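> Sharing a structure here in structure tokens format.
The values are calculated or read from the model by the stated rules, or taken from the named source; none is laboratory data. The shown structure was predicted, so the numbers you read here are calculated from the model rather than taken from an experiment. Cβ coordinates were reconstructed from backbone atoms using ideal geometry, including for glycine residues, and neighbour counts include every protein chain displayed.
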């Protein structure tokens, strides 16, 4: 499988993208439910980490692998230590 072929199996690719990039004031709970059953969540999380690096949550957008921007920023901060 190529480095991005996993995206074809992602459940988010089969649903409304607005769930993963909600308007302000709308939460990520629906996206998290979908991510919880996604067969490629691990690949998604690794991709997001590689893409975003050590960016703060202000520069992260959407839900990746069931993690909203703040959660991914905390994970990145913990792995950078």
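> I need the full set of residues from region 48-57 which are within 11 Å of the chain's Cα centre (by Cα) and touching a residue at least 24 places away in the same chain (Cβ under 8 Å), in order please. Outline the logic, then answer.
Let us first name the residues in region 48-57 that are within 11 Å of the chain's Cα centre (by Cα), namely 48-49, 51-52.
Across region 48-57, the qualifying residues are 48, 49, 52.
> Same structure again: For residue 79, all conditions in the list (1) assigned to a helix (DSSP H, G or I); (2) at pLDDT below 95; (3) surrounded by 12 or more Cβ atoms within 10 Å (Cβ to Cβ) hold save one; what is the number of the exception?
All conditions are met except number (3).
> Go through 44, 12 for me and flag whichever is part of a helix (DSSP H, G or I), buried (at least 17 other Cβ atoms within 10 Å of the Cβ) and either in contact with a strand residue (DSSP E or B) (Cβ under 6 Å, 6 or more places away or on another chain) or in contact (Cβ under 8 Å) with a residue 60 or more places away in the chain (or both).
Numbers: 12 fails: either in contact with a strand residue (DSSP E or B) (Cβ under 6 Å, 6 or more places away or on another chain) or in contact (Cβ under 8 Å) with a residue 60 or more places away in the chain (or both).
Only one candidate passes the filter, namely 44.
> Report yes if residue 53 is surrounded by fewer than 18 Cβ atoms within 10 Å (Cβ to Cβ), modelled with pLDDT under 95 and at positive phi, otherwise no. Don't jump to the end; show me each part of the working.
Values: surrounded by fewer than 18 Cβ atoms within 10 Å (Cβ to Cβ): yes; modelled with pLDDT under 95: yes; at positive phi: yes.
When the stated conditions are applied, residue 53 passes them.
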